[in-house]
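A.B. asks: Starting off with a structure, shown below.
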C-alpha cells in the first residue's frame, strides 16, 4: 500500500487492516473508512482487496469507494490501459474473471484538495451494509466543482454519477444531482430486493446517504452550498 504524489497504489494482496492504517490521510481517509467496514477485525487482517474484488463483491464498501475515486485495476497479462474498476466490476458480476488475476489497483487523485466521505446503513454494527455511498468533491478550473458519487447495494450494478458544476450554482445543482441517482423510470425489478432490505427501502435511503456524504465532502474543502 502506498500513497505518493497523489497516487494511491494497492497491491492485490494488501489486507484491509493495512489499508485502514496507511491510507487514513488519502482522499479524506475514505478508503481507510471503507476498509474498516469490511468484515470483522480478525478477517481484516487476512482478507485481501484483490480477493474481494475478484470474487465479485462489487457492492462492498471498498468497491464503492474505489469506484467514486475512479480507480483502475491491472489484470495479469493485460495489455494496454488498465481497466476502470467501475467497468470491470460489471464484467465480473456478469461473467466472472475467467481465470484472470487482479494484480494492482491504483487511484490517481487530483492535484487540488479533495473531500471524500462514506455513509452506509446497516441492521446491526457487525453486519455488512445494506446500502453504502461514497461522495467526493474537488475544485477544478476556475470556480468549478467536480462531484463524484457512487452507490452500492441498490441496483444490480453500481450507480455512478460525475458532474462538474459552477460553485455558485451548487445550491440548485445538488438536489438535481441527488434526484438523478435513482430515476423514477427504473423498474422495481432492477433493484436488489432481499431479506436484508427491500427494493423500496433501498430506493428511499440511497439518495439520503449520497447527499449526507456529499455535504461532508463539501465541508472538508470549505464549500457551503
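The values are calculated or read from the model by the stated rules, or taken from the named source; none is laboratory data. Computed from a prediction, not measured in an experiment: that's the story for all the values here. Cβ placement follows ideal geometry from the backbone for every residue including glycine, while neighbour counts extend to all protein chains displayed.
A.B. asks: So residue 101 passes all but one of these: (1) in contact with a helix residue (DSSP H, G or I) (Cβ under 6 Å, 6 or more places away or on another chain); (2) surrounded by fewer than 21 Cβ atoms within 10 Å (Cβ to Cβ). Which condition number does it fail?
C.D. replies: (1)
A.B. asks: Right, something else. Taking helices (runs of 4 or more DSSP H) that fall entirely within segment 27-80, which contain at least 1 residues that are at pLDDT 90 or above? Spell out the reasoning first.
C.D. replies: Details: elements: 30-36, 41-44, 49-54, 61-68.
Passing ranges, in order: 30-36, 49-54, 61-68.
A.B. asks: Has segment 13-23 got at least one residue that is free of Cβ contacts under 8 Å to residues at least 40 places away in the same chain, part of a strand (DSSP E or B) and in contact with a strand residue (DSSP E or B) (Cβ under 6 Å, 6 or more places away or on another chain)?
C.D. replies: yes
A.B. asks: It is to be established whether one or more residues within segment 142-155 are in a strand (DSSP E or B), surrounded by fewer than 18 Cβ atoms within 10 Å (Cβ to Cβ) and either free of Cβ contacts under 8 Å to residues at least 40 places away in the same chain or in contact with a helix residue (DSSP H, G or I) (Cβ under 9 Å, 6 or more places away or on another chain) (or both).
C.D. replies: yes
A.B. asks: Does segment 176-200 hold any residues that are more than 19 Å from residue 149 (Cβ to Cβ) and part of a helix (DSSP H, G or I), and which are they?
C.D. replies: Hits for segment 176-200 are 188, 189, 199, 200.
A.B. asks: Please find, among 43, 53, 10, 69, the residue that is surrounded by 20 or more Cβ atoms within 10 Å (Cβ to Cβ), over 14 Å from the mean Cα position of the chain (by Cα) and under 23 Å from residue 119 (Cα atoms).
C.D. replies: 10
A.B. asks: Among the residues that make up segment 184-206, is at least one of them under 16 Å from the mean Cα position of the chain (by Cα) and buried (at least 18 other Cβ atoms within 10 Å of the Cβ)?
C.D. replies: Looking for residues that are under 16 Å from the mean Cα position of the chain (by Cα) and buried (at least 18 other Cβ atoms within 10 Å of the Cβ), one finds at least one in segment 184-206, hence yes.
A.B. asks: Among the numbered criteria (1) over 17 Å from residue 14 (Cα atoms); (2) loosely packed, with under 15 Cβ neighbours inside 10 Å, which one does residue 82 miss?
C.D. replies: (2)
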